[in-house]
Amino acid sequence: MNACLIIIGNEILSGRTQDKNLAWLAKELNETGIRIGEVRVIPDITETIVGTVNECRAKFDYVFTTGGIGPTHDDITSDAIAKAFGVKLERNKEAEALLQRHYGKEKLNAARLKMADLPAGASLILNPVSAAPGFRMENVFVMAGVPSIMQAMFAGLRHELKGGAKMLSKTLSAFITEGVIAERLTAIQEQCPDVEIGSYPFMRQHRLGTSLVARSTDAAALDAAYARMKDMLLEFTQDVAEEDWAA
C-alpha cells in the first residue's frame, strides 16, 4: 500500500515555516504498512491544489494533505478539494455543531464558521485539540498543518486505513568512505534485488564515514543482504556499528 503526502502552504515554500509533518507521518504510516511514495509541496493556489490532488488520488492508494483548512482568507484547501471532486462546498452541520460546542455562540464568528464549510459528502476527521475538523473524500484525507493537530487527527483516522506489509530496515555504519565500497555495494544490490540499499555519508569526530541502510518488506531477504553488507565492511574495518528499526 502506498501514499502521497501533499504539503500545502506558501509559508513552507518561502522557508518561513519548516515542515515537521513528513517525518512523523512517514513513520506512523509505515507502522500501518503504508509507504509514502511521493511528497509534493505546493502553494496556496486553487488550480494547483485541484490538479495535484486529482493526479495523486488516481496514482496512490492514499493521499494525505496538510495545511490550508483554517479560518483566514488564504485557507483555501477545503474549497479546492471540493472542486477537485466536482462537488459543492457547503456548511457541514456536524462540523458546525463541533465548533459551537468548542467556542460557544459569542466566540463563534464568521471566520471560525468558515472551518465548517466542507465538500459535500465529506466525512469528518475529528480534531480533539481545537475542534475544527479535517475531512475525508474517498482516498483523500485532509488534515491541519499544525503538527500537534495533524497528529491528533491521524490518531483518529488510523483505523480507517488498510495497510500492507511493514517496511523493515537495518543499518550499518563505519568510518569508511563511499568510494572505497561503491563497487562492492553495487554488486550486493544486484545480488539482492528485493532489498533497497542506500548509502549515506556522514562526518563525525572530524572523520568521514558511511551508513548503509537496507530496507525491505521481506525479512529473510533483508537479513541476507544485511549479512553481505556486514561481511563486506568487516573486510575493511572491525569498527562497524549496527542498528535495526522499521522505517
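Among the residues of this structure, MET229 counts as one that is of a type in the set (A, V, I, L, M) and more than 23 Å from ILE34 (Cα to Cα).
If you scan region 172-221, which residues turn out to be small (Gly, Ala, Ser), surrounded by fewer than 14 Cβ atoms within 10 Å (Cβ to Cβ) and in a strand (DSSP E or B)? Let's see the steps before the verdict.
First pass over region 172-221, keeping only residues small (Gly, Ala, Ser): 173-174, 179, 182, 187, 198-199, 209, 211, 214, 216, 219-221.
Restricting the remaining residues to those that are surrounded by fewer than 14 Cβ atoms within 10 Å (Cβ to Cβ) gives 179, 182, 187, 198, 219-220.
Hit for region 172-221 is GLY198, nothing else.
Of all the residues in region 120-149, those that are assigned to a helix (DSSP H, G or I) and touching a Lys or Arg at 6+ places or on another chain (Cβ under 9 Å) number 1. Of all residues in region 224-243, those being surrounded by fewer than 17 Cβ atoms within 10 Å (Cβ to Cβ) and either without any contact (Cβ under 8 Å) to a residue 12 or more places away in the chain or aromatic (Phe, Trp, Tyr) (or both) number 6. Here is a check on your reading of the model: is GLY51 surrounded by fewer than 20 Cβ atoms within 10 Å (Cβ to Cβ) and on the phi > 0 side of the Ramachandran plot? Considered against the rule, which asks whether it is surrounded by fewer than 20 Cβ atoms within 10 Å (Cβ to Cβ) and on the phi > 0 side of the Ramachandran plot, GLY51 comes out as no.
Summed over region 94-119, the residues that are open to solvent by 30 Å² or more (accessible area, probe 1.4 Å) and under 21 Å from VAL140 (Cα atoms) give a count of 3.
Per-residue answers, yes or no, for (1) part of a strand (DSSP E or B); (2) open to solvent by less than 40 Å² (accessible area, probe 1.4 Å):
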site: GLU28; (1), (2): no, no
site: GLU31; (1), (2): no, no
site: ILE36; (1), (2): yes, yes
site: VAL39; (1), (2): yes, no
site: VAL63; (1), (2): yes, yes
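Tell me which residues, restricted to region 16-26, are assigned to a helix (DSSP H, G or I) and either open to solvent by 30 Å² or more (accessible area, probe 1.4 Å) or touching a Cys at 6+ places or on another chain (Cβ under 8 Å) (or both). Don't jump to the end; show me each part of the working.
Kept after step one, since they are assigned to a helix (DSSP H, G or I), are these residues of region 16-26: 21-26.
Result: LEU22, ALA23, TRP24, ALA26.
The values are calculated or read from the model by the stated rules, or taken from the named source; none is laboratory data. Just so you know, these numbers come straight off a predicted model, no measurement behind them. Positions of Cβ are generated from backbone atoms using ideal geometry, with glycine treated the same way; all protein chains shown enter the neighbour counts. Accessible surface is based on the protein model in full, side chains and every heavy atom, while ligands, DNA and RNA are left aside. Shrake-Rupley method; radii C 1.70, N 1.55, O 1.52, S 1.80 Å.
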